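To start, the structure itself, in structure tokens.
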Amino acid sequence: MSINIDNIKANKGEKKTGFLTVAEMPTGTVDLPITIINGTKSGPILVITAGVHGCEYPGIRGAQIIAREIKASELTGALIIVHNVNVPGFVHQTAFYNPFDVTNLNRIWPGDLESGGFYGAGSISHLIANTVYEKVQKKATHYIDLHGGDLPEDCPHFSACKMSGDSEVDDVSRAMVKYSLAKYIMTATISPGISRTTTDSAAKLKIPNVLHEAGRAGLLEKEKATKTAEAVRNIMKYLGMIEGKPIEPSKQIKIGSGVAIRAKHGGFFESFVEAGDIVSEGQTIGKIYNVFGETVEEVKAPKDGVILIVGIRPPKCAGDSLYNINDVVN
Ligand SMILES: [Zn+2]
């Protein structure tokens, strides 16, 4: 059976690239680059999205590596890759947001095209999210969203999946997270309210899913891109899409729920810990100085846990994110 996404069509045994038009601007269109690899044998349909956050380059590069190396003749099932979901953010190099409507695609997924749903409904980010959701994500039997440490953040190598409530689906999600070979792994329930992510949508569609994260500060570090490609490759082995036994992870740390720590004062932030560090309750993990260098805030860990995200850019307004600290489960 052929796989069609608008005018991109891949018959069995074919690899095709092309662009999916998702929105119109005053001067042209927003077009998302897509690779379809349609294997010779029937099997899983793995959908991969990258660049939902436009400056998370290890995710984008990892997807490119996989798109180039996988051969249709050696593939069981099909692989569909959306190389850059947030094309405007990629081009303009804006962290997290689509600069056209200052919207985080990973908080409004799968888009709301009805006016009045909530602020901003129907805008260009909603069009992008909804088009990818309807025309690509819904084709998936399995789904991976590749991230990679946007401009203001430092993240350790971690993977997370969203639980669907269907135990068979959730067992596959857990296995996909395990075979991503990430150091830190997490299972989570669907985010409530407005926190609507790509993997929330996958879970609601009962599609086994993984969010994979490796990277920092909007850098393309080869090691992080390599880990990203290795995660996808190993998951594809687990799913029986390519030859070979998946690598068993040597040691993974399960993490639980987290707290966000925000700046109480505006100033210049210095972190004393890095992403992936284990901290104890009460430990001084950073300081905020005023413009003259006097300490205005000592930041202490409110609980034991692992530093999952550091907001590494020093200038902070009161309320800006400094850290996410998550429980260590094992
Ligand atoms: Zn991200």
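Every read-out reported here was derived from the displayed coordinates using simple, explicitly stated rules and does not represent laboratory data. Every value quoted in this text rests on a predicted model; they were computed, and no experiment measured them. Cβ: placed from backbone, ideal geometry, glycine included. Neighbour counts: every protein chain shown.
Observations on the structure shown:
- For the stretch 3-238, alpha-carbon Rg over 2.2 N^0.38 Å: 0.93
- Selection from Val306, Ile70, Ser280 lying farthest towards where the dipole of the chain points positive, charges on Cβ: Ile70
- Karplus-based coupling profile of the stretch 73-84, in residue order and whole Hz: 5, 10, 9, 9, x, 9, 10, 10, 10, 9, 5, 9, with θ = phi - 60° in 6.51 cos²θ - 1.76 cosθ + 1.60 and x standing for Gly or Pro.
- Karplus-derived HN-Hα couplings along the stretch 157-165 (A = 6.51, B = -1.76, C = 1.60, θ = phi - 60°), whole Hz, x at Gly and Pro: 6, 9, 9, 9, 10, 9, 7, 9, x
- C-alpha center-to-center spacing [the stretch 67-96, the stretch 12-65] in angstrom: 4 Å
- Stretched out straight at 0.36 nm per residue, the stretch from Thr284 to Asn330 would grow longer than its current Cα-Cα span by 14.2 nm.
- Peptides 165-175, 240-250 ordered by average Cβ neighbours within 10 Å, highest first: 165-175, 240-250
- From the alpha carbon centroid of the stretch 259-330 to that of the stretch 119-197 is 26 Å.
- Cα-centred dipole magnitude for the chain, charges only on beta-carbon of K, R (+1) and D, E (-1), debye, nearest 20: 880 debye
- Relative contact order %, the stretch 256-328, counting alpha carbon pairs below 8 Å whose residues are six or more apart: 43 percent
- Average projected area [Cα convex hull, the stretch 266-330], square nanometres: 4.0 nm²
- Inter-label distance for Cys317 and Thr189, nm, one decimal - labels placed 7 Å from Cα along Cα-to-Cβ: 3.3 nm
- Rh by Kirkwood over Cα pairs, then Stokes-Einstein D for the stretch 99-191 at 1.002 mPa s and 20 °C, µm²/s: 141 µm²/s
- Entry note, the chain: the mean residue ellipticity at 222 nm calculated from DSSP H runs of n ≥ 4, each adding -39500 (n - 2.57), is -6500 deg cm²/dmol after division by the residues and rounding to the nearest 500.
- Computed from Cα atoms, the angle from the helix 222-238 axis to the main principal axis of the chain rounds to 50 degrees.
- Residue-wise HN-Hα couplings along the stretch 251-258, as the Karplus relation 6.51 cos²θ - 1.76 cosθ + 1.60 with θ = phi - 60° gives them from phi, are 8, 10, 10, 7, 10, x, 5, x Hz; Gly and Pro carry x.
- Order by protection proxy (mean Cβ within 10 Å, highest first), peptides 74-81, 11-18: 74-81, 11-18
- Shape summary of the stretch 15-80, radius of gyration then Dmax from alpha carbon positions: 13.7, 43 Å.
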